[in-house]
There are 2 protein chains.
Amino acid sequence: MRWDTLEEEPCSLARTVAVIGDRWSLLILRECFLRVRRFEEFQSKLGITRHLLADRLKKFVRYGVLRRARYQESPARYEYILTQRGLDLYPVVMSIVHWGDMHMVDERGRPLLHEHKNCGKLFDPVMICSECGEPLEAKQVHTHPGPGAPKAGAASA
Amino acid sequence: MRWDTLEEEPCSLARTVAVIGDRWSLLILRECFLRVRRFEEFQSKLGITRHLLADRLKKFVRYGVLRRARYQESPARYEYILTQRGLDLYPVVMSIVHWGDMHMVDERGRPLLHEHKNCGKLFDPVMICSECGEPLEAKQVHTHPGPGAPKAGAASA
DNA sequence: CGTTACAGTTCTAAAAAGGAACTGTCAAGC
DNA sequence: GCTTGACAGTTCCTTTTTAGAACTGTAACG
């Protein structure tokens, strides 16, 4: 498997990994959901090298996760805003945060709490089945090849 | 931010990224959920270099995501099995797959379909609020510093 | 006129990943 | 009893990525 063709793999996980599958991409995404939008702000909060930041932001724009919007003329200045496609990554980010909250906290507790504006309560994200509404567990799921599956027994998910 | 101290960051996302935040780790995890357990099997399905595979498996064992179980004596042979901690990564994997299913499929459709054994139907994963049961959207969530938050305004999630 | 803010780009050194071959234990076949 | 093959790695060397720091260009501020 080569990285430059990862997005063409017959596997939805591999294709998504082509977009968000490195450390900086996920950390940048975290900042996006915390309302960070500008180059200098990403850079100073993350301590990422400017070169990589420019690279990752370009990649996100190319994949339609962020859009580059001019917020000032002369000199032209741009900020990076989550598109709907980017907002749709929220479950990915939240499930990662939740795993960390469950398995990687120290004795002091969680660094961040989440409040659901709809109900006003602090919550955890729960993943359920769209059909029956029951919480999902790995052992209760069976997979089948779909229409986009490869011919032979190659890996996919 | 340095990678060797990533797991000590006051941020549940960063800590989880220290465990699963690279391309191969996520792909290896996918194989685990597809019931792959052995070194040679991971290697041939993924095309990962043996060196990196050995490295990543060790890391997963160290973090308690996989356990290394002897399945044969003389010569001693081991396989890698998801622990409960590893099984708890299922929502992470499923949310990544689902985003790919929504945004990265080609005209042929999804490579893989998921059936929920409880209800017998093909499903999508849906992330809901543990308190009110409504589907979660990024814009409906507000964050507060938790007990493990850093003193000043440093980044965390 | 000098300094600062912002959004990058360029350069070199260090770290990580890729690729291929090698190690060691055992079983099966000739 | 010698060779081949399976399995689970390790070692060595090359190529690619990333880190770290400095530099570029535009324009406002004092």
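The values are calculated or read from the model by the stated rules, or taken from the named source; none is laboratory data. Keep in mind the model is a prediction, meaning the values are calculated, not measured. Here the Cβ positions follow ideal geometry from the backbone for every residue, glycine too, while neighbour counts run over all protein chains shown. Side chains are part of the model used for accessible areas, which takes the heavy atoms of the whole protein and leaves out ligands, DNA and RNA. Shrake-Rupley method; radii C 1.70, N 1.55, O 1.52, S 1.80 Å.
Read phi for every residue in the stretch A:83-97 and hand back ³J(HN,Hα) as whole Hz from Karplus 6.51 cos²θ - 1.76 cosθ + 1.60, θ = phi - 60°, with x for Gly and Pro.
These are the phi-based 3J(HN,Hα) values: 7, 4, 4, x, 4, 5, 7, 3, x, 5, 4, 5, 5, 5, 4 Hz.
Run the helix sum for the protein assembly as shown: -39,500 (n - 2.57) per DSSP H stretch of 4+ residues, divided by residue count, reported at 222 nm to the nearest 500 deg cm²/dmol.
Mean residue ellipticity, 222 nm, calculated: -11000 deg cm²/dmol.
Check which residues have an amide H placed less than 5 Å from residue A:143's amide H, if you skip close sequence neighbours.
When sequence neighbours closer than 5 places are left aside, the close amide H contacts are B:115.
If you count only protein heavy atoms with a 1.4 Å probe, what accessible area per residue comes out for the stretch B:20-157, rounded to a whole Å²?
Heavy-atom SASA per residue in the stretch B:20-157 reads 48 Å².
State the extension gain, in nm to one decimal, for the chain segment bounded by residue B:77 and residue B:39, taking 0.36 nm per residue of separation less the distance between their alpha-carbons.
12.7 nm
If you wrap the stretch A:59-157's Cα atoms in a convex hull and average its projection over all directions, what's the area in nm²?
Mean shadow area of the hull around the Cα atoms is 12.0 nm².
Using the Karplus curve 6.51 cos²θ - 1.76 cosθ + 1.60 with θ = phi - 60°, work out ³J(HN,Hα) for each residue of the stretch B:33-45 in order, rounded to whole Hz, and write x for Gly and Pro.
With the stated coefficients, the stretch B:33-45 comes to 6, 8, 6, 7, 9, 10, 3, 4, 5, 4, 4, 6, 6 Hz.
Which residues does the label zone of residue B:138 cover in the stretch A:6-37, counting backbone N under 13 Å from a point 7 Å along Cα→Cβ?
What the label zone holds, given the 13 Å backbone N cut-off, is A:26-37.
How big a patch of accessible area, both sides summed and in Å² to the nearest 100, lies buried between A and B at a 1.4 Å probe?
In total, chains A and B hide about 9100 Å² from solvent.
Where q = 0.12 Å⁻¹, what log10 of I(q)/I(0) comes from the Debye formula for the stretch A:8-73, counting one point per Cα?
-0.32
Students sometimes get this wrong: rank A:129, B:119 by accessible area, probe 1.4 Å, all chains present, largest first.
In descending accessible area the options line up as B:119, A:129.
Putting +1 on Lys and Arg Cβ atoms and -1 on Asp and Glu Cβ atoms, find which of B:52, B:116, B:104 reaches farthest to the positive end of the dipole of the stretch B:39-157.
B:52
Taking a 1.4 Å probe, which of B:114, B:51, A:103 shows the most accessible area, and what order do the others take after it?
B:51, A:103, B:114
Report, by chain and number, residues whose modeled amide H sits under 5 Å from the one on residue A:110, excluding near sequence neighbours (fewer than 5 apart, same chain).
B:148
Go ahead and run the numbers for FRET between residue B:50 and residue A:68, Cβ-Cβ distance against an R0 of 45 Å, rounding to 0.05.
0.65
Compute the label-point distances linking residue B:8 to its equivalents in the other copies; points lie 7 Å from Cα along Cα→Cβ; give nm, one decimal, shortest first.
4.4
Provide the per-residue ³J(HN,Hα) series for the stretch A:104-115, in order, calculated from phi with Karplus coefficients 6.51, -1.76, 1.60 and θ = phi - 60°, each as a whole number of Hz, with x at glycine and proline positions.
10, 7, 8, 5, 7, x, 5, x, 9, 10, 10, 10
Principal axis extents for the protein assembly as shown, Cα atoms only, whole Å, descending order, please.
Cα extents, longest axis first: 67, 47, 42 Å.
Under unit Cβ charges (Lys, Arg +1; Asp, Glu -1), what dipole magnitude, rounded to 20 debye, does the stretch B:1-123 have relative to its Cα centre?
With only Lys, Arg, Asp and Glu charged at Cβ, the dipole is about 420 debye.
Please report, as a whole percent, how much of the solvent-accessible surface of the protein assembly as shown comes from carbon and sulfur atoms (probe radius 1.4 Å).
About 48 percent, which is the carbon plus sulfur part of the accessible surface.
So, with +1 on the Cβ of K and R and -1 on the Cβ of D and E, and no other charges, what is the size of the charge dipole of the protein assembly as shown about its Cα centre, to the nearest 20 debye?
With Lys and Arg at +1 and Asp and Glu at -1, about 700 debye.
Using the Kirkwood radius over Cα pairs, work out the Stokes-Einstein diffusion coefficient for the stretch A:3-140 at 20 °C and 1.002 mPa s, in µm²/s as a whole number.
The diffusion coefficient I find is 125 µm²/s.
List every residue whose amide H lies under 5 Å from the amide H of residue A:66, counting only residues 5 or more places away in sequence or on a different chain, with H placed 1.01 Å from N in the peptide plane.
For residue A:66, the qualifying residues are A:61, A:83.
Taking the alpha-carbon centroid of each part, what is the distance from the stretch B:87-121 to the stretch A:57-112 in angstrom?
22 Å
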